[in-house]
1. Report yes if Ser26 is among the hydroxyl-bearing types (Ser, Thr, Tyr), more than 26 Å from Gln5 (Cβ to Cβ), without any contact (Cβ under 8 Å) to a residue 40 or more places away in the chain and surrounded by fewer than 18 Cβ atoms within 10 Å (Cβ to Cβ), otherwise no.
2. Would you mind finding the one in Pro57, Pro87 that is surrounded by 14 or more Cβ atoms within 10 Å (Cβ to Cβ), within 17 Å of the chain's Cα centre (by Cα) and not aromatic (Phe, Trp, Tyr)?
3. For region 1-87, give me every one of the helices (runs of 4 or more DSSP H) that falls completely inside it and has 3 or more residues that are over 23 Å from Glu97 (Cα atoms).
4. Does region 75-87 contain at least one residue that is on the phi < 0 side of the Ramachandran plot and touching an Asp or Glu at 6+ places or on another chain (Cβ under 7 Å)?
5. Of the conditions (1) modelled with pLDDT of 85 or more; (2) touching a His at 6+ places or on another chain (Cβ under 9 Å); (3) not β-branched (Val, Ile, Thr), Cys7 satisfies every one except a single condition; which number is it?
6. In region 1-14, how many residues are surrounded by fewer than 12 Cβ atoms within 10 Å (Cβ to Cβ) and of a type in the set (A, V, I, L, M, F, W, C)?
Amino acid sequence: MDPSQRCPYCAEEVAPTAVRCPHCRSALGEAGPWHRDQPERRLAGVAAALGRGLGLPVGAVRLAFVVLSFVHLFGALAYSALWLLIPFGAEDESVLERALGRAKDGLRELRRGTRRVLP
């Protein structure tokens, strides 16, 4: 089995796990759904998911979050918001989707209970 593949745009050798070609920076293949369960994840996996999805070095994304945290805590707020929005696994729901689903189910049950009490 060949440990590398060729970029379809510049025909240079690239790693089989590459998301972007290091030579021409073209996106390789389908990016697929973003998820936080990445092998490079450290804290919650947000930087790894962004790095993998955008084809950027994960270390650079982490550094950007740290630098942006010094600007009115924007990095920490963005990290937290993305943690809510990006699901952990490829087939999972995000934290926000689960919370909204539970709230919707609770409101549905509340409406059913209210209708039974008040005809």
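1. When the stated conditions are applied, Ser26 does not pass them.
2. Pro87
3. 58-69
4. yes
5. (1)
6. Of the residues in region 1-14, 2 are surrounded by fewer than 12 Cβ atoms within 10 Å (Cβ to Cβ) and of a type in the set (A, V, I, L, M, F, W, C).
The values are calculated or read from the model by the stated rules, or taken from the named source; none is laboratory data. Being a predicted model, the structure only gives us computed values, none of them experimental. All Cβ positions, glycine included, derive from the backbone under ideal geometry; neighbour counts span all protein chains shown.
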